[in-house]
Amino acid sequence: MIYASDLDRTLIYSLGALCVPEDTPGLVPAEIIEGKTTAYISRKALELLQELTANVIFMPVTTRTIAEYKRINLFQETLIPDYAVTSNGGNILVGGVVDQEWRSHIGGLVEQNSAAAAEVREIVRSVVHTDWIISERYCDELFYTYMVYRDLLPLDEINHMSERLHGLGWRVSLQGRKLYIVPEAVNKSDAIIHVRRTVRSEPMVASGDSLLDKSLLESADYAMAPCHGEIFAEQQVTQVKLNYPFTQQKGVFAGDEIMLYVREIYNNLSTLGVGPK
């Protein structure tokens with residue numbers, strides 16, 4: 001069995017996303033930068049994840065760049081996955097090394113099917129004023145990330161921009177204070193489908209919180225999302241019934257429910273004789 005999961009606001013949580021005080025018992029540092037803890041994981045979630053990785057192939061699937069993923073101490077020192085998908089699916093790491101064949105494949109698709117990055121940036125900057133932007137990055141030569149003052153963003157204009165960019169082969173996702181502008185070929189589901197073929201292990205459980213995770217969850221056999229983030233917010237508005245459940249808790253302890261769900265699926269499959277192949 002494979003467990004493929006988004007990281008930020010799904011398994012690990014920055015200080016602003018914890019939803020509990022930083023000194024709450026049961027939190028374990030996941031990311032430490034210059035001696036300061038910048039993200040935590042629930043101790044229970046970590047213990048369940050460590051227990052499962054003895055029998056399950058665990059794959060982090062993150063929008064973080066390669067460098068940002070590699071600074072997560074948890075996955076460099078405590079629990080080291082054989083495979084990781086970074087850059088929202090634009091890069092696959094095998095034993096910590098970039099799969100260059102996959103990266104070239106994605107680069108070709110972006111060039112063929114999406115408008116040039118420079119053109120897209122002009123459109124974004126015509127809508128998102130300089131005064132609303134804290135920082136701008138072109139990540140791993142694949143997509144844009146803007147740190148913004150969210151309260152200042154005119155959401156109607158952002159939605160209109162999203163529709164326009166969709167016609168140019170790009171997608172928009174607003175997660176907290178981060179605005180992502182991503183080519184359609186750079187997605188988590190295609191990357192994880194590629195890895196699934198490589199490892200030849202079935203079935204797959206997935207978890208994630210943002211619209212950029214929807215394709216990942218939809219490509220899985222089983223999935224769960226936390227009751228925070230874009231997927232939950234969209235479901236609350238549209239009331240569309242999804243094929244996967246939400247957690248009862250929001251914030252860092254949603255990770256406990258997610259990992260209990262993954263363990264339950266694994267145990268049920270093992271009982272049925274499906275288990276890891």
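The values are calculated or read from the model by the stated rules, or taken from the named source; none is laboratory data. What you are looking at is a predicted structure, and each value in this text was computed from that prediction instead of being measured. Methodologically, a virtual Cβ is constructed for each residue, glycine included, from the backbone with ideal geometry; neighbour enumeration extends over all protein chains shown. Please note that ligands, DNA and RNA were not included when accessible areas were found on the heavy atoms of the full protein model with its side chains. Shrake-Rupley method; radii C 1.70, N 1.55, O 1.52, S 1.80 Å.
The table that follows gives values for the structure above.
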read-out	value
Where Thr10 falls short, out of the listed (1) outside any loop (DSSP other than H, G, I, E, B); (2) within 17 Å of Leu260 (Cβ to Cβ)	(1)
Unmet criterion (only one of (1) open to solvent by 10 Å² or more (accessible area, probe 1.4 Å); (2) in contact with a Pro (Cβ under 6 Å, 6 or more places away or on another chain)) for Glu51	(2)
Any pair with Cβ under 7 angstrom, 6 or more apart, that starts in region 247-274 at a residue that is within 13 Å of Val56 (Cβ to Cβ) and ends at one that is part of a helix (DSSP H, G or I)	Met259/Ala45; Met259/Leu48; Met259/Leu49; Val262/Leu52; Arg263/Leu48; Arg263/Leu52; Tyr266/Leu52
Residues located in region 19-46, provided they are open to solvent by 30 Å² or more (accessible area, probe 1.4 Å), without any contact (Cβ under 8 Å) to a residue 60 or more places away in the chain and not in a loop (DSSP other than H, G, I, E, B)	Pro29, Ile32, Ile33, Lys36, Thr38, Arg43
Residues located in region 69-126, provided they are assigned to a loop (DSSP other than H, G, I, E, B) and either under 21 Å from the mean Cα position of the chain (by Cα) or hydroxyl-bearing (Ser, Thr, Tyr) (or both)	Arg71, Ile72, Asn73, Leu79, Ile80, Pro81, Asp82, Gly90, Gly95, Gly96, Asp99, Ser114
Positions within region 47-66 being over 26 Å from Met147 (Cα atoms) and either within 15 Å of the chain's Cα centre (by Cα) or part of a strand (DSSP E or B) (or both), in sequence order	Ile57, Phe58, Met59
Residue check, Met147 among the hydrophobic types (A, V, I, L, M, F, W, C), surrounded by 11 or more Cβ atoms within 10 Å (Cβ to Cβ) and in a strand (DSSP E or B)	yes
Tyr138 within 20 Å of the chain's Cα centre (by Cα) and either open to solvent by 30 Å² or more (accessible area, probe 1.4 Å) or within 23 Å of Glu230 (Cβ to Cβ) (or both)	yes
Flag if Val148 is of a type in the set (A, V, I, L, M, F, W, C) and modelled with pLDDT of 95 or more	yes
Residue list for region 56-97, restricted to those being open to solvent by 40 Å² or more (accessible area, probe 1.4 Å) and within 30 Å of Lys36 (Cβ to Cβ)	Ala67, Lys70, Arg71, Gln76, Glu77, Thr78, Ile80, Asp82, Tyr83, Gly95, Val97
Members of region 172-186 found to be modelled with pLDDT under 95 and farther than 24 Å from Leu18 by Cβ, listed by number	Val172
